[in-house]
Amino acid sequence: MQYKSQAVAKPYFVAAIALFVAQILFGLIMGLQYVWGDFLFPYIPFNVARMVHTNALIVWLLMGFMGATYYLIPEEAETELVSPKLALAMFWIFLVAAGLTVVGYLTVPYARLAAMTGNDLLPTMGREFLEQPTITKLGIVVVALAFLFNVTLTVLKGRKTAINTVLLIGLWGLAVLFLFSFVNPHNVVRDKFYWWWVVHLWVEGVWELVLGSILAFVLIKVTGVDREVIEKWLYVIITLTLVTGILGTGHHYYWIGTPEYWQLIGSIFSALEPIPFFAMTLFAFNMVNKRRREHPNKAATLWVLGTGVMAFLGAGVWGFLHTLSPVNYYTHGTQITAAHGHMAFYGAYVMVNLALISYAMPILRGRAANSNKSQVAEMWGFWLMTVSIVFITLFLTAAGILQVWLQRVSDNPLPFMVAQEQVSLFYWMREWTGVIFLIGLLVYIWSFFIPGEEKAA
Amino acid sequence: MNAQHRGHAPRPYPPGDLAIWVFILAELAAFFALFAAYAFTRLRHLELFNEMQKTLDSTAGMINTLLLISGSWGVARAVAAVKANHVRASANWLLMAIGSGVGFLIVKYFEYGAKFSAGVGLDTNLFYTFYISLTMFHALHVVLGMVILLFVWNKTRRGGYSAHDHHGMETGASYWHMVDLVWIVLFPLVYVMR
Amino acid sequence: MSEAFTTSTARNIFYGGTLFFLLVFLALTYQTEQSIPSRDRREMLADAKVVAGKKIWETNNCIGCHTLLGEGAYFAPELGNVVKRLGSEEAVKAFIKSRPPEGVPGRRSMPQFNFTDQQLDEIAAFLKYVSEINSAKWPPNIQG
Amino acid sequence: MNTHLLNMLWVALLVATVLTWLIGKTGYTGPLAVSAILVIAAIKGWMIIQDFMGLRRVRLLWRGIVVGWLLVTLAVILIAYWLGLK
């Protein structure tokens, strides 16, 4: 660790992984409810489990991003963080707010939670992924502002590199777009239209800037390739990302009451969206091949390469699979979407977070890399989780194809629930694969506790 | 310059910065998709497309083609001039290219004006969705190309480029030629052939 | 390579390209706002029941199980066309009312929300409104 | 760069454009007219790529990508047109 203030990243990483575990546990509950309908009913209805599953994911990814930022900004800017105390204070506020929100989800009926938290004053709740009480959303804004204030000032007083500039643009974009979560028109078409400004422009826009810069940072560290080369790639990749991703928003505007020309624009630009992901894969492999040093942390390199491949598969290929409007007409709102969502989130955002954690955590604990034994365990975690997500995606895709066929294409379309029963075999297989994913996650966590410091800091 | 290159091994990279070429290829891919979508949608609505195409002003399209070709020629001459160290001439050629862009937009202004005042819009019918999306998207590229050329022209005027260093000018020039190239396909496709 | 490809050009293309496509997106947004009044049935929002129904929809997190115009969770049926599928607003209300509080053994079941009659009217009015939005002929058939 | 060549190409491109326009104006339609139009477009595009863009002196890979784009695009247009004849 070159700068003392980088240490604030550590609690963020720990909390992120803890929330990751919560996310997976609730995922397993939901998966079981798919095939065992009254499991935990009415104590934890499906919608509650889903809120916890998705919100925990978002919060832990954001926690990971923040931790990553606190870790890499001082090193890139070559100066200590402006205020490590503020960073720690915000950590606790964010964690407590997230915790209270989850407790709220689990203990109080959602309508009561809405009433208790003053949703009437500014109704923002009850929209997918933005279920958080309005006061939680306001809290997120406060935390985000304090965070951005802290890191932006740090960069301003220090060295400005492509990596920290792109990271800051991504983070500011993330915060600004989140403000659209407070936009909730009565008109359903407009509601959905601007809802995507948060959801799509996050994951297929500004988050990719964060992803790109974290990836670039780790690549510089583990490969020793010239910063100049890596920064050029970074700019090219994020240009392609935004050039395709901004108008790619159109693929959400096919069937929600928006004009039909979006079918043309959305299809064309989202058909190009795999290109930046493909470039990212090439980038990661190219840089690792050109490496100028053998970094002792093999696990971090594996995560970086994994991010390249899995982001391309999940976000690129599985996204493309159902993005053209004539295809999407049949697949919209089916398990195909769920399949894409699982692999894309894991491949892009989960893996990049784990890549940085894998690189930074040993250093935060005072060594360049973990012992071989620990790294082997971590790689086991990598493979178990990654292979599981591939199979989860395949099973959900199979379920989705069958669902589309039974419910939408065949001559005698079946009602939704009847079609669901027909595909339950795939849901069972998905659930068992989910258990293996959890095992992989536990192995991954266990790797942190394997002692041994073969390599000095 | 010409003599220098003759008989030499081909250059490894196209003129201008490689980064612009990545962008150019992405743009070409987008236009390819748009053209293919047009061609195959036309297939399913032959009568509509053939009939609606007659409502377009192909003379305006032709004049615009002439303007873009001339702009492209101007930029090519500008690059040739700077390579011969004729910096002033180079700046003037760039200005001429920018002027052709202005002319293009003026013609487009009248063309769209006539259409919009006739009540035509993006969702009038499938043909007009394509016509407006394609030409509007292309026209925006003309605007972007003009902005780039303005920067290049300004730098040329101040003596920023020379026979030794004209990397930036070639970067802008390549983008401008791409805009022209795309129109070379767009004009016959949308305005003429049926 | 280094001469052919400079970081500063790559950076400028990033800023220029992003700005360009952002402006195109904003222009299309403006166009969309201009043209959706003919598709979104906003006149139905004059009915206070529809607006109240949307709020009930939100504060009970219906989207956590159902989809609405294809967006939401995929655990329970699509509701954008539910009024048409069940035949009437009355049928929708009757279904919501009929849910057993303890669920159906072994099967997925909607919770019993104990809505008042007025709330049921409002929800039904909201779903009726959504069903009339011009969604470009989606879903492909009545099953959603 | 040979400015004389550039000027010649410019004139050729202008003439080719007017030719395309005339085909449209005179109302010629059908496979022959369309083939002519597309061949003219291919020649125009090729001139622009080779000499205006200056890819003539660049190694085959890059030239191939751009010329390839032109030919594939025109081929797709032609195929779609041809399918429409049936």
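We did not get these values from a lab; they are worked out from the coordinates using the rules stated. Bear in mind the structure is a predicted one, so any value in this text is a computation, not a measurement. As a convention, Cβ positions derive from the backbone with ideal geometry for all residues, glycine included, and neighbour counts pool all protein chains shown.
Work out how much length A:HIS295 to A:VAL409 would gain on full extension: take 0.36 nm times their residue separation and subtract the Cα-Cα distance, in nm to one decimal. Show your work: numbers first, answer last.
Details: separation 114, 0.36 × 114 = 41.04 nm, distance 5.30 nm.
Fully extending the segment from A:HIS295 to A:VAL409 adds 35.7 nm.
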Task: Most positive-pole-ward Cα, A:GLN375, A:MET30, C:LEU127, against dipole of the protein assembly as shown from beta carbon charges - done: A:GLN375
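Rounded, prolate or oblate: which fits region A:74-152, taking a ≥ b ≥ c as square roots of the Cα gyration tensor eigenvalues, rounded meaning a/c under 1.5, else prolate when a/b beats b/c? Display every interim value, and only then the final one.
Values: a/c = 3.32, a/b = 2.55, b/c = 1.30.
Verdict is prolate for region A:74-152.
Taking each residue of B:48-58 in turn, how many C-beta atoms of other protein chains fall within 10 Å of its C-beta, and what is the average? Numbers along the way, then the final one.
Working: counts 0, 1, 2, 0, 0, 1, 2, 0, 1, 0, 5.
Averaged over the peptide's residues, the number is 1.
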- [ ] Specify the inter-centroid distance of region A:74-91 and region A:1-73, based on alpha-carbon positions, in whole Å.
- [x] 23
TODO: For a label point 7 Å from the Cα of B:ALA33 along Cα→C-beta, name the residues of region A:317-333 whose backbone N is under 15 Å from it.
DONE: A:317-328
Task: Cα gyration tensor, region C:41-144 - rounded (a/c under 1.5), prolate or oblate - done: oblate
Task: Neighbour-count ranking [beta-carbon atoms within 10 angstrom, fewest first] of B:ARG42, A:ARG227, B:ARG158 - done: B:ARG158, A:ARG227, B:ARG42
- [ ] Binning at 10 Å from 0, report for chain D what percent of all alpha-carbon pair distances ends up in each bin.
- [x] 16, 40, 32, 12, 1
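If R₀ is 25 angstrom, what is the calculated FRET efficiency for the pair C:ASN141 and C:LEU86, using the beta carbon separation as r and rounding to 0.05?
Details: r = 15 Å, r/R0 = 0.59.
The calculated FRET efficiency here is 0.95.
List the DSSP H helices in chain D whose Cα atoms stretch 27 Å or more along the helix axis and whose mean Kyte-Doolittle hydropathy is at least -0.5. Display every interim value, and only then the final one.
Numbers: long enough: D:3-25 (33 Å, 1.49); D:60-85 (36 Å, 2.07).
Counting only whole DSSP H runs, the qualifying helices are D:3-25, D:60-85.
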TODO: Note down the nm distance, to one decimal, between modelled labels 7 Å out along Cα→Cβ at A:ARG365 and at A:LEU153.
DONE: 3.3
Task: Per-residue ³J(HN,Hα) for region A:250-259, Karplus 6.51 cos²θ - 1.76 cosθ + 1.60, θ = phi - 60°, Hz, x for Gly and Pro - done: x, 5, 9, 10, 7, 10, 10, x, 7, x
- [ ] Sort A:VAL96, A:VAL317, B:VAL179 so the one with the fewest other Cβ atoms within 10 Å of its own Cβ comes first.
- [x] A:VAL96, A:VAL317, B:VAL179
Task: For chain A: span of alpha carbons on each principal axis (Å, largest first) - done: 66, 47, 45
Task: Structure-based [θ]222 nm, chain B - -39500 (n - 2.57) summed over DSSP H runs of at least 4, per residue, nearest 500 - done: -26500 deg cm²/dmol
Task: region A:1-160: Rg to Rh, with Rh as the Kirkwood radius over Cα pairs - done: 1.06
TODO: Extending each Cα 7 Å along its Cβ direction at D:ILE43 and B:ARG158, get the distance between those two points in nm, one decimal.
DONE: 4.4
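At a Förster radius of 35 Å, what calculated FRET efficiency corresponds to the Cβ-Cβ distance of B:LEU150 and C:SER38, to the nearest 0.05? Please report the intermediate quantities before stating the final value.
Values: r = 39 Å, r/R0 = 1.13.
After rounding, the FRET efficiency stands at 0.35.
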Task: On Cα atoms only, tilt of A:298-311 relative to the major axis of chain A in degrees - done: 30
TODO: Output the Cα-based Rg and Dmax of region B:16-80 in Å, rounding Rg to one decimal and Dmax to a whole number.
DONE: 16.6, 47
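Work out how much length A:ILE445 to A:LEU145 would gain on full extension: take 0.36 nm times their residue separation and subtract the Cα-Cα distance, in nm to one decimal. Mind showing how you got there, number by number?
Values: separation 300, 0.36 × 300 = 108.00 nm, distance 3.12 nm.
Result for the pair: 104.9 nm of gain on full extension.
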- [ ] Quick one: angle between helix B:18-44 and the longest Cα principal axis of chain B, in degrees between 0 and 90, rounded to 10, please.
- [x] 20
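Could you estimate the translational diffusion coefficient of the protein assembly as shown from the Stokes-Einstein equation, with Rh from the Kirkwood formula over C-alpha pairs, at 10 °C and 1.306 mPa s, in whole µm²/s? Numbers along the way, then the final one.
Values: Rh = 29.3 Å.
Approximately 54 µm²/s, per Stokes-Einstein.
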TODO: Taking the Cβ of each residue in D:LEU85, A:LEU177, B:LEU48 as the centre, tally the other Cβ atoms inside 10 Å and list the residues starting with the fewest.
DONE: D:LEU85, B:LEU48, A:LEU177
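Counting only pairs 8 or more residues apart or on different chains, how many lysine pairs in chain A have their Cα atoms under 14 Å apart? Can you show the working numbers first?
On the way: A:LYS4/A:LYS85; A:LYS10/A:LYS85; A:LYS221/A:LYS290; A:LYS221/A:LYS298; A:LYS298/A:LYS373; A:LYS298/A:LYS455; A:LYS373/A:LYS455.
Close lysine pairs under the 14 Å cut-off: 7.
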Task: Taking chain D and dividing mean pair separation by its residue count, relative contact order in percent (alpha carbons under 8 Å, at least six apart) - done: 27
TODO: Report, in degrees rounded to the nearest 10, the 0 to 90 angle that the Cα long axis of helix A:162-178 makes with the longest principal axis of chain A.
DONE: 30
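Normalised by the number of residues in chain B, what is the relative contact order in percent for Cα pairs under 8 Å and 6+ residues apart?
Numbers: 175 pairs, mean separation 67.8, N = 194.
Relative contact order comes out at 35 percent.
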Task: Cross-link partners of B:LYS54 among lysines (Cα-Cα below 21 Å; sequence separation of 8 or more within a chain) - done: B:LYS108, B:LYS115, D:LYS25
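With contacts defined as alpha carbon pairs under 8 Å and 6 or more residues apart, what's the relative contact order of region A:290-360 in percent? Before the final figure, lay out the partial values.
Details: 69 pairs, mean separation 36.2, N = 71.
Worked out over region A:290-360, it gives 51 percent.
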Task: Share of pairwise Cα separations in region A:293-380, more than 19 Å, in percent - done: 49
Task: Theoretical ellipticity at 222 nm over chain C - DSSP helices of four or more residues, -39500 (n - 2.57) apiece, nearest 500 - done: -15500 deg cm²/dmol
- [ ] For n ≥ 4 DSSP H runs only, could you compute -39500 (n - 2.57) per run for chain A, divide by its residues and tell me the 222 nm figure to the nearest 500?
- [x] -24000 deg cm²/dmol
